[in-house]
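The values are calculated or read from the model by the stated rules, or taken from the named source; none is laboratory data. Predicted model, so just to flag it, every value in this text is computed and none were measured. Here the Cβ is made from the backbone with ideal geometry for all residues, glycine too, and neighbour counts use every protein chain on show. Side chains included, ligands, DNA and RNA excluded: accessible areas come from the protein's heavy atoms. Shrake-Rupley method; radii C 1.70, N 1.55, O 1.52, S 1.80 Å.
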Amino acid sequence: MYFLLLAFVVVCIFDPADRMLHAKVPLFVVLWAVTLPRILTSLGTADFPLRSTTYVAVFVAIPALALLRYGLVNGELPQQAFPLFKAYLLISLAIVLVVHRADLIPMLSATLVALACLVIVVFLAIQLDYSLYNTLKRGGTNLGMFYLDERAYGNVLLLQVFFTTSPMLVVAIAYYFDRAMSMQIMAQRLFFFALTSVSIVGMFLAGGRNNIIVSLLLPFLLWPLYTRRPGLTALCSIGGVTILVVLFMGHLKAFLDPAEISNNIKLITVGDYLQILSDPATLLFGQGLGVDYNWSARGKFFLTELTYLELIRNFGVFGGLIIMALLVLPLISAIFLPTSRRNKALALAWFVYLVMSASNPILFSSMGILILAGLIANILPLPDRAPNAKRAIS
């Protein structure tokens, strides 16, 4: 089971578009084939994963009902409906993890550190030999694995080695920061701080405004969780962030400039959403999952980067709010229920990931849902398992 999970995580992170190995779906099916007999034999017993199954059932029911409604009204489903629906089905990995008492987070974090190392290697290789740029750019784009670009923000030109799954590095940063702060032996603490630093540098060099800002901001947000005076530490963190803002004010203005191409497209798209949601039927019930729309700034397409407005367009206000509530459950659990500092750190990283997802389509995919499944398995374990009990697989 360990190697099946590891293979699945590696494929999700290094072959997100599933163009190289085409192994994502087969591995997922095998994981369920191994798990299903254990679930069937646990029916009616305390070993049945009731809480995680209920969560998954509600999470999947919203898009399923939206597809059913669209099919009944129109007689067919949108072309992109099933590929998008697969991301919602991936949340059922949480059940697999609970049944096998598997903690996905250490495995996921270790794989993400390998990703960060690859980002750094590619970045340095281009700096040493710029002739590699075009070759690597074509290869990464063809595989759907990473995208090289030189992005101009005002008078600032940044080389981006944007691996598609690099936003997931928030998990590795939070996990290894927790390990470092929890260690008593200095050598171990330094080792985990090194892994944290590699994750931060990898996320920063991957580029993109969200990656750059979050890679610098997240350590300041995590630090107060590990001090005896969190209020004072939070003030120090705010001071540190303020200094960073002052030092990089020019860059931030360029990042947030409404005239910048990406920002301008998103602002125009917000206007489209206001027009779409002005229809009461769409506002209440949505247009359906994967439905095309002729966007003012991007033409006819089935998806935009504005994730939460897209949720309302797909499922309406009621369905969209239910999905949003399920998404923030790890954060609510960390705030209101007794839990470890590790879980609080991971919940904070998840909150940051949710913020990043507001303007990037990185949530309903094998990226965001993989993280969510790992978190849900930890906060909704079997009733006789304490949330922080030692896991069989970690």
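Quick look at the values:
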{"read-out": "Residue identified as open to solvent by 50 Å² or more (accessible area, probe 1.4 Å), within 18 Å of the chain's Cα centre (by Cα) and not aromatic (Phe, Trp, Tyr) among Leu50, Leu108, Leu89", "value": "Leu89"}
{"read-out": "Looking only at the stretch 353-378, and only at residues there that are of a type outside the set (A, V, I, L, M, F, W, C) and open to solvent by 20 Å² or more (accessible area, probe 1.4 Å), the one that is nearest to Leu50 (Cα to Cα)", "value": "Ser365"}
{"read-out": "Residue pairs meeting the criteria (Cβ under 6 Å; at least 6 apart or on separate chains; first closer than 11 Å to Leu169 by Cβ, in the stretch 111-131; second part of a helix (DSSP H, G or I) and modelled with pLDDT under 95)", "value": "Val119/Leu205; Val119/Ala206"}
{"read-out": "Scan of the stretch 324-336 for residues that are touching a residue at least 40 places away in the same chain (Cβ under 8 Å) and either among the aromatic types (Phe, Trp, Tyr) or open to solvent by 40 Å² or more (accessible area, probe 1.4 Å) (or both), ordered by number", "value": "Leu329"}
{"read-out": "Cβ pairs under 8 Å, 6+ apart, first in the stretch 47-66 and farther than 17 Å from Leu321 by Cβ, second in a loop (DSSP other than H, G, I, E, B) and polar (S, T, N, Q)", "value": "Phe48/Ser42; Pro49/Ser42"}
{"read-out": "Qualifying residue in the stretch 123-133 (condition: closer than 20 Å to Val9 by Cβ and open to solvent by 30 Å² or more (accessible area, probe 1.4 Å))", "value": "no"}
{"read-out": "Matching residues, the stretch 275-323, being under 12 Å from Ile62 (Cα atoms), without any contact (Cβ under 8 Å) to a residue 24 or more places away in the chain and open to solvent by 50 Å² or more (accessible area, probe 1.4 Å)", "value": "Leu321"}
{"read-out": "Residue tally, condition out of contact with any strand residue (DSSP E or B) (no Cβ under 9 Å at 6 or more places or on another chain), of a type outside the set (D, E, K, R) and under 22 Å from Val9 (Cβ atoms), over the stretch 74-109", "value": "18"}
{"read-out": "Options Arg69, Arg19; residue that is open to solvent by 20 Å² or more (accessible area, probe 1.4 Å), of a type in the set (Lys, Arg) and part of a loop (DSSP other than H, G, I, E, B)", "value": "Arg19"}
{"read-out": "Residues within the stretch 360-376 that are touching a Cys at 6+ places or on another chain (Cβ under 6 Å) and part of a loop (DSSP other than H, G, I, E, B), tallied", "value": "1"}
{"read-out": "The stretch 134-192, residues that are open to solvent by less than 30 Å² (accessible area, probe 1.4 Å), small (Gly, Ala, Ser) and at pLDDT 90 or above", "value": "Ser166, Ala172, Ala174, Ala180"}
{"read-out": "The stretch 2-16, subset open to solvent by 20 Å² or more (accessible area, probe 1.4 Å) and part of a helix (DSSP H, G or I), residue farthest from Leu31 (Cα to Cα)", "value": "Phe14"}
{"read-out": "Residues of the stretch 269-314 classified as part of a loop (DSSP other than H, G, I, E, B), of a type outside the set (Ser, Thr, Tyr) and over 18 Å from Pro361 (Cβ atoms), total", "value": "2"}
{"read-out": "Members of the stretch 132-173 found to be touching a residue at least 24 places away in the same chain (Cβ under 8 Å), in a helix (DSSP H, G or I) and more than 16 Å from Ser215 (Cα to Cα), listed by number", "value": "Asn142, Leu143"}
{"read-out": "Within the stretch 198-241, tally of residues that are open to solvent by 60 Å² or more (accessible area, probe 1.4 Å) and under 23 Å from Val122 (Cα atoms)", "value": "4"}
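Every residue, every condition in (1) among the aliphatic types (A, V, I, L, M); (2) under 23 Å from the mean Cα position of the chain (by Cα); (3) closer than 29 Å to Leu289 by Cβ, yes or no:
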position: Pro83; (1), (2), (3): no, yes, yes
position: Ala114; (1), (2), (3): yes, yes, no
position: Val119; (1), (2), (3): yes, yes, no
position: Gly139; (1), (2), (3): no, no, no
position: Ile173; (1), (2), (3): yes, yes, no
